[in-house]
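The values are calculated or read from the model by the stated rules, or taken from the named source; none is laboratory data. Only a predicted model underlies this, so the values are computations on that prediction, with no experimental measurement involved. Here the Cβ is made from the backbone with ideal geometry for all residues, glycine too, and neighbour counts use every protein chain on show. Accessible surface areas use protein heavy atoms only, side chains included; no ligands, DNA or RNA. Shrake-Rupley method; radii C 1.70, N 1.55, O 1.52, S 1.80 Å.
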Amino acid sequence: MDSISPPASFFSFIDDNMKQDIAKLRLRHHGKVAEFDVDFAITQIECRKKFRKKLPHFTSFPKTLFPSVLSGEQASHEAVAKFHTSLFNGNEKVIDMTAGLGIDAMTIATKAKSVIACELDSLKAACLVHNKDAGNLSNIEVKNVDSIEIMKSYLNCFDTVFIDPARRGAGNKRVYNFHDCQPDILSIQDYLLENSKRIIIKASPLLDISRTLIDIPSATSIRCICVEGECKEVLITAEKNGVLKLMEAVNLNADGTLISDFSYSPGDEICETVFCADIDLDTGCYLYEPDAAVMKLAPWDALSEKFKGIKKLDKSSHLFLSDKYFESFPGRKLKYKGMIEKKDRKALKGFPANVVTRNYPLSSDELRKKLGVKEGQDTFVYGTRINEKPVLILAER
């Protein structure tokens, strides 16, 4: 696979115009002839601006190339790609069946023995060759062919198959069910498991976990990965005749460092979720709101087992109270200040507070408007339910 080799003037143009408005820049150079593709150069400026926070390391290389804006949108966040490397060792031979921009392939290559990165789109593949060379990654081989054909050519040669099925359907519509993605992992999973030690599937954060356990019966682990509270993906590992052993909720900082990590073995829970018996609560307790990764997995019994004494406010509220402070709880930890009674609600008008609703008749915005509170930092008003009764709770960081 040949690389793309733009002239030095191409990269000079990018450097000279990084502060320019993209729309005005395209208009100014429309129809003009240059020794390089000006539109492609402007795309590089747009992508570097748009994905600087998502891909700080990748965009730090002066000669990095983006095939398109869409390729940057579909790429893994670098924090997530960094987490992926924790699942590999230095002796593994890996195939990335759907490389795209190559963030995962290039990051995994810093840990694995070798990576074959497959990409059907010729421009993406050519850019990946260019980018891996720019990053001095000699243990990646890029293949601009169908990854299934590569699997047939390298029978039983791979330790790990990494695959991120394309989640765009007809009309570029987003899809997330495995049957709607390309390739359809459900139709090829048996073949992949026969010809590798394991497969790692990167899936949409909208994926139904219960359905996944049926669709991927050989799954050994399911992880929900978040970056600063935003769900980025569900990551499934499967092995031939595998048995589910691990569920994990991971929340990362933007630089890839860990905020929280909650893991458990499904079926091993001894405790059952404990619910608040009434609303006459001691103000000397703490309020816990699970982060998005935990909410996705819904491990309520496992939380009750690990954090002894926490009580769920209501079956569908997904908020907890405890008279003990748990520093390692995977989510927001607040000091419970008490219930906000109806007679006290007028006093909240103009008061600075964050408004959050969980299992409440109104949305957060609707409740904020109704109470008349301003945006706040350290004080929280939670609209929720206890024993199916709507209540308002005051809490502080």
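For the stretch 1-106, how big is Rg over Rh, using alpha carbon atoms and the Kirkwood form of Rh? Dividing the radius of gyration by the Kirkwood radius yields 1.03.
On average, how much accessible surface per residue is there in the chain, in Å², for a 1.4 Å probe, leaving out ligands, DNA and RNA?
Numbers: 19420 Å² over 397 residues.
Normalised by residue count, the accessible surface of the chain is 49 Å².
Only bridges with both residues in the chain count here: give the DSSP antiparallel percent, nearest 5.
Details: 43 of 72 bridges.
Counting only bridges with both partners in the chain, antiparallel ones make up about 60 percent.
What the Cβ-Cβ distance of His30 and Glu375 gives, at R0 = 41 Å and to the nearest 0.05, is a FRET efficiency of 0.45. Magnitude of the charge dipole for the stretch 1-122, about its Cα centre and with charges confined to Cβ atoms of Lys, Arg (+1) and Asp, Glu (-1), is about 520 debye.
With +1 on each Lys and Arg Cβ and -1 on each Asp and Glu Cβ, and nothing else charged, work out how big the dipole of the stretch 209-251 is about its Cα centre, in Debye to the nearest 20.
Working: 5 positive and 6 negative charges, 41 e Å.
For this selection, approximately 200 debye.
Here is how the number arises for the chain: DSSP H runs of 4 or more residues each give -39500 (n - 2.57), the sum is divided by the residue count, and the result at 222 nm is -8000 deg cm²/dmol.
A dipole drawn for the chain from +1 and -1 charges on Cβ atoms has a positive end, and of Ser114, Gly267, Thr357 the residue lying farthest that way is Thr357.
Converting phi to 3J(HN,Hα) with the Karplus coefficients 6.51, -1.76 and 1.60 and the offset θ = phi - 60°, the stretch 332-338 yields 6, 10, 10, 7, 6, 9, x Hz in sequence order, with x at every glycine or proline. Taking the charge dipole of the stretch 277-377 about its Cα centre, with +1 at Lys and Arg Cβ atoms and -1 at Asp and Glu Cβ atoms, the residue from Phe329, Val373, Pro290 reaching farthest to the positive side is Val373. Considering only Phe88, Asn144, Gly31, the residue lying farthest towards the positive end of the dipole of the chain is Gly31, judged by Cα position with unit charges set on Cβ. Counted by Cβ distance under 15 Å from Leu25, the other residues give a net charge of +2, where Lys and Arg count +1 and Asp and Glu count -1. Kirkwood-type hydrodynamic radius, the stretch 116-260: 16.6 Å, calculated from all non-identical alpha-carbon pairs. Once C-alpha pairs closer than 8 Å and six or more residues apart are averaged by separation and normalised to the residue number of the chain, the relative contact order reads 9 percent. Dipole magnitude for the chain: about 1400 debye, using +1 per Lys or Arg Cβ and -1 per Asp or Glu Cβ, origin at the Cα centre.
When you have a sec, figure out the Kirkwood radius of the chain from all distinct Cα pair distances and drop it here in Å to one decimal?
Values: mean 1/r = 0.0422 Å⁻¹.
Computed over the chain, the radius equals 23.7 Å.
With a Förster radius of 51 Å applied to the C-beta separation of Leu70 and Lys342, the computed FRET efficiency comes to 0.50.
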